[in-house]
Amino acid sequence: MAIFKANYVKRGKNARDRAKASVRYIQHRRGKDGQTITRTLFNSDGPMERYEAYRMIDDAPQKGTYFYRFVLSPDPKREDHNHDLDMRDIAMQTMLALEERLGVSLNWVAATHADHAPHLHAHLIAIVPHKLNVKDFEMLR
């Protein structure tokens, strides 16, 4: 069974800065040998640059916005035994399902991590217009 983790940036004066720090993390988390790695950021439109992710965060409405951080991690034995799943497609399908559930289009950015842990996974940062509830998370799992 896949692991789905979620949390959000605490709202407040520095929320946008913390969301941008999350973008830097998903793009530049060091590899298992400590080497610097730059990963390609993407969203539903394809690859994106960091400044585009930052602009997306800066342009989000001040009131009611939550910056959610998701981790999608397929089970390496049952779902990804060849370490070859298309994490971009899985991320896009996950966000599409969330958009359908919420009835709104969402801005988000993601990166695939296949280099610092023994399991393939993707990190996403989504701009959500309200706090998600238990039923939302059940659907995502």
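The values are calculated or read from the model by the stated rules, or taken from the named source; none is laboratory data. Nothing here was measured: the structure is a model prediction, and the numbers come from that model. Cβ coordinates were reconstructed from backbone atoms using ideal geometry, including for glycine residues, and neighbour counts include every protein chain displayed. In case anyone asks, the SASA skips ligands and DNA or RNA and just uses the protein heavy atoms, side chains included. Shrake-Rupley method; radii C 1.70, N 1.55, O 1.52, S 1.80 Å.
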Per residue, how much accessible area does the chain show when a 1.4 Å probe rolls over the protein heavy atoms, in square angstrom?
-> 59 Å²
Selected from TYR8, VAL23, GLY34, residue furthest toward positive end of dipole (the chain; charges at beta carbon) = TYR8
Taking a spot 7 Å from the Cα of LEU106 along the direction of its beta carbon, which residues of the range 9-35 have an amide N less than 13 Å from it?
-> 9
Any number yet on Rg/Rh for the range 1-68, C-alpha, Kirkwood?
-> 1.00
What size of dipole, in debye to the nearest 20, comes out for the chain about its Cα centre when the only charges are +1 on Lys and Arg C-beta atoms and -1 on Asp and Glu C-beta atoms?
-> 860 debye
Per-selection Kirkwood Rh - the chain (Cα, Å, 1 d.p.) | 15.5 Å
For the chain, modelled as a Gaussian network with Cα springs under 10 Å, which listed residue fluctuates most, ASP45, ASP89, ASP58?
-> ASP45
Apportionment of accessible area to carbon and sulfur, the chain, percent (1.4 Å) | 49 percent
The chain, helix-only ellipticity at 222 nm - DSSP H runs n ≥ 4, -39,500 (n - 2.57), divided by all residues, nearest 500 | -10500 deg cm²/dmol
Contour minus Cα-Cα span, VAL134 to LYS10, at 0.36 nm per residue, comes to 42.8 nm
Pairs LYS13/LYS131; LYS63/LYS131; LYS5/LYS63; LYS13/LYS135: which exceed 22 Å Cα-Cα?
-> LYS5/LYS63; LYS13/LYS135
Virtual spin-label span in nm between GLN35 and ASP17, 7 Å along Cα→Cβ = 3.3 nm
